[in-house]
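The values are calculated or read from the model by the stated rules, or taken from the named source; none is laboratory data. Bear in mind the structure is a predicted one, so any value in this text is a computation, not a measurement. Virtual Cβ from ideal backbone geometry, glycine too; neighbours counted across all protein chains shown.
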Amino acid sequence: MAALCVEELLARAEQREAEPHRSVAVQKELELEFDLGNLLALDRNPPRAAGAQRESRLRSLARDNTQLLVAQLWGLPAGRAEGATGPLVAQLPEPFYRLPREKPLPRPRPPTRWEQFARLKGIRRRKRTSLVWDEAAKQWRRRWGYARAGGDPARDWLIEVPAGADPNEDQFAKRLRDKREKVARNEFNRLRNIARGALPGRGLHPTGHQSRAELGRATQVARVSTASLGRFQPRLPKEPAAPPPRGGKKRRFEPLLGDLAAERSRQLELLRGLGSKKPPLDLTRAVNKQLREEDAQAAAGKGKKRGQRGKRGRQRPGGGKGPAGGKGKKGGARRQQQRPAGRKRS
Amino acid sequence: FCFIDRTSTSSDCFKKPKTKRAKRFLEKREPKLTENTKNAILIKVIQKIPNPYLFFFRKNITRPFEDQTSLEFFSKKSDCSLFLFGSHNKKRPNNLIIGRMFDYHVLDMIELGIEKFVSLKDIKNSKCPEGTKPMLIFAGDTFDLNEEYRRLKSLLIDFFRGPTVPTIRLAGLEYVLHFTAMDGKIYMRSYKVLLKKSGCKIPRIELEEMGPSLDLVMRRTHLASEDLYKLSLKQPKICSAPYMFFNTEPVLK
């Protein structure tokens, strides 16, 4: 009995060995990494397919790797699509391998004026019906378009003059004017929403509608957007002269061959000062100067408070230009830093 | 204040679309949380790669490594973020530049030289249906150790993976693309998968060489800087993979 069992076992083992093409086992040194969401497998083993039999070795390597990948896929939770007889379908997990996006992430946008108002009042969006009951025609008509409810041209032949209106006023013209005003106001609000970045127009300003301050900022930024940061840009005849350079970080040197008389007088003053016995610091003058500064600061503090209350919102013309120049420079530098890899920007 | 991009005209932003169709067209091209499937532009193509999401151009575009403006223009107009540029000259014979865009500007570009090429037509057997999502396999440790190879791997996955689907028909896994990095070359082989009976539930795989096979050599590269690449990888915070597979065992993230 035992001998028979052993024979059976040996026979089975022989059979298994003789059919290697039926096995699904694959031996690998390093395990593969799988990303089933992308149907991806990464094999870190150094491939041994060099030499004369490269194609067949590549194919066997591919076969082994595919076998492992398919084994993973068959291990996923599967069901039958479209009933019991449909094809076997596996649930893929989310793709894990991070790939760069096509476009940048959408930026969070501020709400539009209407959205703010609706949120405040608690107004929610209601889906409109496509047909409206027309009382005059006694039937259901479209909301807008051909043969719409209340859009019959024949009804416009008469407009009643309202109770409090001027009898000589042209009501037809008034209606037309009102409609035009409504359309213009709607367009204005839409552009204002775009300017605030609430709509996908992303804050770019349409031409012809910019304020004086915005134009000033635009010209300033354009001036500084050259390679020498605007140092050699000519100014237009009526353009205000360049504002004095800020800071005092760099020392300023007088030109070598300038005003000879001024240089002479300066040198003589210096010698006179060195020669005199007076102390360099005049104590009374210094103290007076300090007192004057303190008074001026106190006065400015009082004045600012008064100014803030009364003149709120009005921009100071000097303040508008100065920061804009700085902003332009900083913006340009930041922009360059973000995209260094071979991009030409003329 | 906003800098106006040279390639976007002011009319792009302010013209309100007059029809619903135009509105849908613009909304499709906007940046979104979950993106559309990437499309590719093929320029002066030498071989055919079975990929249904292609736009084919024959215009005379200048060299991508020198001047990228015409490429970016076409990418913006056709809303394609991947491109494949084929050329041939004495200095660089059988050249293939594979690249992708981020925000309509070139992100990565890798130039590959084709040493050996066997096309679909040369191998005479039945092919798999067009549009099959391929299985991608990368073999060789070079794909992890070398920075340029790593980017190439990412680029190839981007190119060939097709649309992201939640479920897949198991019998429809017919196509596998196998990339091997060995001896400084990259061997790309396409096989048709035959599922044979085996003793257990998992089928036995047999491969039949089907599609184009290429022997590639990496030439020049133009890779994005680290911070730009990181910026492009940023994903919205909502969706993230619940678990990942490492060494064939699921590990909870």
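Points to keep in mind about this one:
- Some residue of region B:118-133 being at the interface with another protein chain (Cβ under 9 Å from one of its Cβ atoms) and either of a type outside the set (A, V, I, L, M, F, W, C) or more than 25 Å from residue B:228 (Cβ to Cβ) (or both): yes
- Answer from B:122, B:158 - the residue that is among the charged types (D, E, K, R) and surrounded by fewer than 17 Cβ atoms within 10 Å (Cβ to Cβ): B:122
- Selected residue [loosely packed, with under 12 Cβ neighbours inside 10 Å and under 30 Å from residue B:23 (Cβ atoms)] from A:196, A:180, A:175: A:180
- Residue pairs whose Cβ atoms lie under 7 Å apart, sitting 6 or more positions apart in sequence or on different chains, and linking a residue in region A:100-127 that is free of Cβ contacts under 8 Å to residues at least 40 places away in the same chain and within 14 Å of chain B (Cβ to nearest Cβ) to a partner that is surrounded by 10 or more Cβ atoms within 10 Å (Cβ to Cβ) and assigned to a helix (DSSP H, G or I), are A:100/B:229; A:100/B:232; A:100/B:233; A:101/B:232.
- Qualifying residue in region A:151-163 (condition: outside any helix (DSSP H, G or I), touching a strand residue (DSSP E or B) at 6+ places or on another chain (Cβ under 7 Å) and under 30 Å from residue A:113 (Cβ atoms)): no
Yes or no, residue by residue, for (1) of a type in the set (D, E, K, R); (2) touching a strand residue (DSSP E or B) at 6+ places or on another chain (Cβ under 7 Å); (3) at pLDDT below 90:
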site	(1), (2), (3)
A:28	yes, no, yes
A:46	no, no, yes
A:49	no, yes, yes
A:53	no, no, yes
A:63	yes, yes, no
A:74	no, no, yes
A:83	no, no, yes
A:87	no, yes, yes
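- Number of the exception - residue B:156 against (1) of a type outside the set (Ser, Thr, Tyr); (2) within 25 Å of residue A:82 (Cα to Cα); (3) modelled with pLDDT of 90 or more: (2)
- Counting only residues that are free of Cβ contacts under 8 Å to residues at least 24 places away in the same chain and facing chain A (nearest Cβ under 8 Å), region B:155-195 holds 7 of them.
- Test for residue B:1: is it among the aromatic types (Phe, Trp, Tyr), modelled with pLDDT under 75, closer than 29 Å to residue A:98 by Cβ and in contact with a helix residue (DSSP H, G or I) (Cβ under 7 Å, 6 or more places away or on another chain): no
- Those residues of region B:70-102 which are part of a loop (DSSP other than H, G, I, E, B) and either in contact with an Asp or Glu (Cβ under 7 Å, 6 or more places away or on another chain) or in contact (Cβ under 8 Å) with a residue 60 or more places away in the chain (or both), in sequence order: B:81, B:92
- Residue in region B:182-199 that is at negative phi, modelled with pLDDT under 90, not in a strand (DSSP E or B) and not hydroxyl-bearing (Ser, Thr, Tyr) present: yes
- Some residue of region B:106-118 being assigned to a loop (DSSP other than H, G, I, E, B) and out of contact with any Asp or Glu (no Cβ under 7 Å at 6 or more places or on another chain): no
- Checking each residue in region A:75-88 for being touching a Leu at 6+ places or on another chain (Cβ under 7 Å) and at the interface with chain B (Cβ under 9 Å from one of its Cβ atoms) picks out A:76, A:78, A:88.
- Taking residues in region B:221-232 that are closer than 14 Å to residue B:99 by Cα and at the interface with chain A (Cβ under 7 Å from one of its Cβ atoms), and partners anywhere that are crowded, with 18+ Cβ neighbours inside 10 Å and of a type in the set (Ser, Thr, Tyr), the pairs with Cβ atoms closer than 8 Å and at least 6 places apart or on different chains are B:224/B:232.
- Among the residues making up region A:24-68, those that are more than 7 Å from chain B (Cβ to nearest Cβ), closer than 19 Å to residue B:204 by Cα and not in a helix (DSSP H, G or I) are A:25, A:26, A:27, A:28, A:32.
- Within the option set A:273, A:230, being out of contact with any Ser or Thr (no Cβ under 7 Å at 6 or more places or on another chain), modelled with pLDDT of 75 or more, at positive phi and surrounded by 10 or more Cβ atoms within 10 Å (Cβ to Cβ) holds for one residue only, A:230.
- Within region A:43-75, the set of residues being under 43 Å from the mean Cα position of the chain (by Cα), surrounded by fewer than 21 Cβ atoms within 10 Å (Cβ to Cβ) and closer than 16 Å to residue B:177 by Cβ comprises just one member, A:73.
- Exactly one residue out of A:136, A:118, A:147 is of a type in the set (Gly, Ala, Ser), under 24 Å from residue A:198 (Cα atoms) and surrounded by 11 or more Cβ atoms within 10 Å (Cβ to Cβ): that is A:118.
- Subset of region B:125-169 [among the small types (Gly, Ala, Ser) and either assigned to a helix (DSSP H, G or I) or more than 21 Å from residue B:41 (Cβ to Cβ) (or both)]: B:126, B:139, B:140, B:154
- Residue among B:20, B:76, B:38 that alone is modelled with pLDDT of 75 or more and crowded, with 17+ Cβ neighbours inside 10 Å: B:76
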